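Read-outs throughout are calculated quantities, based only on the coordinates presented, and are distinct from any laboratory measurement. What you see is a predicted model; the values in this text were computed from it and never measured. Here the Cβ is made from the backbone with ideal geometry for all residues, glycine too, and neighbour counts use every protein chain on show.
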Number of protein chains: 2
Amino acid sequence: MNSNMEKPYVVGIDIGGTNTAFGIVDARGTIVASSSIKTGSYEKVEDYVNEVCKNLLALLNANGGPDKIKGIGIGAPNGNYYNGTIEFAPNLPWKGVIPLASMFEEQLGIPTALTNDANAAAIGEMTYGAARGMKDFIMITLGTGVGSGIVVNGQMVYGHDGFAGELGHVIIRREHGRRCGCGRNGCLEAYCSATGVARTAREVLASSTENSLLRSIPAEDITSKDVYDAAIKGDALAQKIFDFTGNILGEALADFIAFSSPEAIVLFGGLAKSGDLIFKPVQKAIDDNVLAIFKGKTKLLMSELKDSDAAILGASALGWEMKN
Amino acid sequence: MNSNMEKPYVVGIDIGGTNTAFGIVDARGTIVASSSIKTGSYEKVEDYVNEVCKNLLALLNANGGPDKIKGIGIGAPNGNYYNGTIEFAPNLPWKGVIPLASMFEEQLGIPTALTNDANAAAIGEMTYGAARGMKDFIMITLGTGVGSGIVVNGQMVYGHDGFAGELGHVIIRREHGRRCGCGRNGCLEAYCSATGVARTAREVLASSTENSLLRSIPAEDITSKDVYDAAIKGDALAQKIFDFTGNILGEALADFIAFSSPEAIVLFGGLAKSGDLIFKPVQKAIDDNVLAIFKGKTKLLMSELKDSDAAILGASALGWEMKN
């Protein structure tokens with residue numbers, strides 16, 4: 001028996017500001033069992049870890065016990081792969097540097113690794129999704145923020161400090177760039193996140209008198225979902241917002257290609273699911289901006305991980321890398 | 001005896017548009033013997049390879065024979081590591097795809113690898129220079145053009161096609177960007193290469209009436225060396241040209257740090273040797289532009305390879321990676 005048959009499962013734990021989801025996953029990427037708790041209900045990280053472990057053990061015992069688990073992978077904001085810590089995560093209740101991986105390892109006796117959520121998504125995509133078998137690709141997560149996970153030579157790029165791959169914070173507009181949540185101006189995230197799209201909508205509505213379905217919504221309430229709904233109904237102004245967003249993203253991707261010449265760039269998250277509305281302008285901007293030797297070489301793909309499962313799957317994929 | 005004692009040397013061959021330099025190198029990075037021929041004198045690549053091999057064999061026979069050589073490394077423009085070819089190199093006499101590594105391997109019976117010149121410089125720096133022992137760093141070569149070699153997890157980043165690391169061609173000025181030799185606008189190379197510096201000099205001289213030593217030189221003849229000479233003498237306008245160049249380079253490096261979070265960035269080439277004139281504005285621009293979590297972490301270093309030796313050393317370092 002090989003070790004995968006002895007230990008046929010991994011565990012994925014996805015820690016978000018609101019919820020913590022966890023589940024048992026098999027080698028094909030099927031979630032065998034899963035559950036969740038509220039992250040924000042636990043002021044003390046010890047109480048939080050106890051509660052996750054209690055709930056997780058119940059799932060484990062119903063599925064052959066902890067001995068069937070090859071490893072645990074955790075995806076968390078500000079997660080540092082090298083030392084298994086969460087470091088100064090602004091949206092979590094626990095301050096400072098939290099040695100989360102070793103806390104789980106001690107309670108459960110299962111090897112545990114931790115990384116940030118975008119890196120976890122990339123490993124998930126490489127293990128179960130659109131990047132299966134690829135050695136060089138870039139994952140871009142388009143959500144409330146813009147995150148990224150970079151794979152080179154079949155390995156995650158963590159950098160010397162564990163924090164590499166902050167592609168949401170490359171400067172894409174140096175002149176009159178939008179203020180970003182990070183305190184600087186002109187970051188990719190300020191344009192291509194869900195909030196960036198909503199901001200573009202407000203700017204475009206204010207600077208024109210063009211008719212639009214979006215004008216029936218109070219400007220400050222407009223979300224990227226509203227822009228999508230309007231664009232799908234053929235609203236020209238909403239489609240322009242997607243073109244603007246896609247163009248900026250494509251300009252950035254053309255530069256990323258010059259860096260690591262990936263086989264593919266995988267887009268993940270709400271905006272990515274807008275399909276051609278976003279893929280067409282992104283692809284056009286890549287083609288218009290990429291250096292000649294890279295033209296037509298890098299595939300632009302949509303994530304193949306189901307949205308509801310992606311967070312657990314991504315985190316769980318780290319578990320396969322653990323040595324028992 | 002270990003294999004390094006049996007085969008204590010490697011060979012480096014640096015192919016430039018004008019000269020081809022080659023030499024025998026030991027494990028400490030000492031060039032034991034070297035020579036060169038004119039690249040442009042050989043219309044047929046077969047004649048060129050014959051001539052290099054003839055000259056190289058003379059050196060080898062004077063230093064223990066070909067059996068002492070662990071491997072041959074070649075640095076060449078448009079070199080593709082994966083298949084050992086030069087592909088469509090505009091400044092070399094041979095057109096199309098040239099299987100140069102296998103041609104040398106067949107004639108000399110020594111394992112041969114090939115990569116582009118900037119990657120060779122990075123491997124040289126990692127083997128003998130300022131990046132010894134580093135697993136994550138970026139080499140920026142500032143010459144006629146701007147090249148780069150990226151190392152992640154101790155390995156060169158070649159990308160899926162062998163051409164990764166074209167950081168001279170990320171777009172650093174999207175509005176009113178300078179025309180670049182690659183046919184696009186606003187590339188880093190258009191500002192931070194030797195020709196970019198000369199161009200900045202002409203622009204600055206034309207747009208002001210400020211006194212400067214550079215005004216004694218016909219504008220079209222000004223070189224980056226002239227700007228350096230004037231700046232060293234305290235010429236304020238020449239120093240402004242360095243500040244402008246360094247600021248743009250630092251802005252770009254801040255984005256590169258967000259990509260791979262390197263332990264160091266190593267600057268190589270003529271401009272890098274300008275010392276504080278260029279390092280100070282580059283460092284300031286990195287500090288002003290880098291994302292907070294990376295602040296103060298990445299070292300900015302000058303190459304430790306002697307200029308006259310660097311090309312052969314860089315290429316030779318590839319030879320140590322060969323398996324006999």
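Numbers for the structure displayed
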| read-out | value |
| --- | --- |
| Per-pair calculated FRET efficiency, R0 = 25 Å: B:N83 and B:S35 via Cβ, rounded to 0.05 | 0.35 |
| Ratio of Rg to Rh over chain B (Cα coordinates, Kirkwood Rh, two decimals) | 1.00 |
| Histogram of C-alpha separations across the range A:12-163, 5 Å bin width, % | 2, 9, 18, 23, 21, 16, 9, 2, 0 |
| Percent of beta bridges antiparallel (DSSP, the protein assembly as shown, rounded to nearest 5) | 60 percent |
| Number of partner chain Cβ atoms within 10 Å, mean per residue of A:160-169 | 6 |
| Span from the the range A:194-225 Cα centroid across to the the range B:166-228 one, whole angstrom | 41 Å |
| Copy-to-copy label separations for A:K299, where each label sits 7 Å from Cα toward Cβ, in nm and ascending | 4.1 |
| Calculated FRET efficiency for the pair A:A62/B:C182, C-beta based, R₀ 51 Å, to 0.05 | 0.30 |
| Protection-proxy order for peptides A:23-33, A:241-251, B:87-97, each taking the mean of Cβ atoms within 10 Å per residue, highest first | A:241-251, A:23-33, B:87-97 |
| Trypsin sites (Lys or Arg not before Pro) restricted to DSSP loop in the range A:215-290 with at most 16 other C-beta within 10 Å | A:K233 |
| Of all DSSP beta bridges in chain B, antiparallel share, percent nearest 5 | 60 percent |
| Two-site FRET efficiency, A:I232 against A:K295, from Cβ-Cβ distance with R₀ of 22 Å, rounded to 0.05 | 0.10 |
| Spatial extent of the range B:121-261: Rg and Dmax, with the Cα atoms as the point set, Å | 16.9, 51 |
| Kirkwood-based Rg to Rh ratio, the protein assembly as shown, C-alpha trace | 1.01 |
| Three-way shape label, the range B:85-174, alpha-carbon gyration tensor, a/c 1.5 | oblate |
| Shortest-first distances to equivalent copies, position A:A206, nm, label 7 Å out along Cβ | 3.8 |
| Neighbouring partner chain Cβ atoms per residue of B:248-261, average, 10 Å criterion | 5 |
| Across the identical copies, how the B:T223 labels are spaced - nm, sorted shortest first, 7 Å along Cα→Cβ | 6.3 |
| Fraction of antiparallel bridges per DSSP, the range A:133-303 only, in percent to nearest 5 | 55 percent |
| Pairwise label distance in nanometres, B:M302 with A:K306, each label 7 Å out on the Cα-Cβ vector | 6.0 nm |
| Order of B:V266, A:V49 - criterion: other Cβ atoms within 10 Å of each residue's Cβ, fewest first | A:V49, B:V266 |
| Chain B, relative contact order [Cα under 8 Å, separation at least 6], % | 21 percent |
| Dipole magnitude (debye, nearest 20) for the protein assembly as shown, charges at Cβ of Lys, Arg, Asp, Glu | 280 debye |
| Positive minus negative residues near B:A131 (Lys, Arg vs Asp, Glu; Cβ under 15 Å) | -1 |
| Euclidean distance between Cα centres, the range B:31-92 to the range A:33-94, Å | 56 Å |
| Per DSSP, loop GluC sites (Glu not before Pro) in the range B:107-176 with at most 16 further Cβ within 10 Å | B:E175 |
| Average beta-carbon neighbours from other chains, 10 Å sphere, peptide B:295-304 | 1 |
| Top of B:F163, B:F259, B:F294 by mean-square fluctuation, Gaussian network on chain B, Cα under 10 Å | B:F259 |
| Debye log10 I(q)/I(0) for the range A:249-324, one point scatterer per Cα, at q = 0.23 Å⁻¹ | -1.01 |
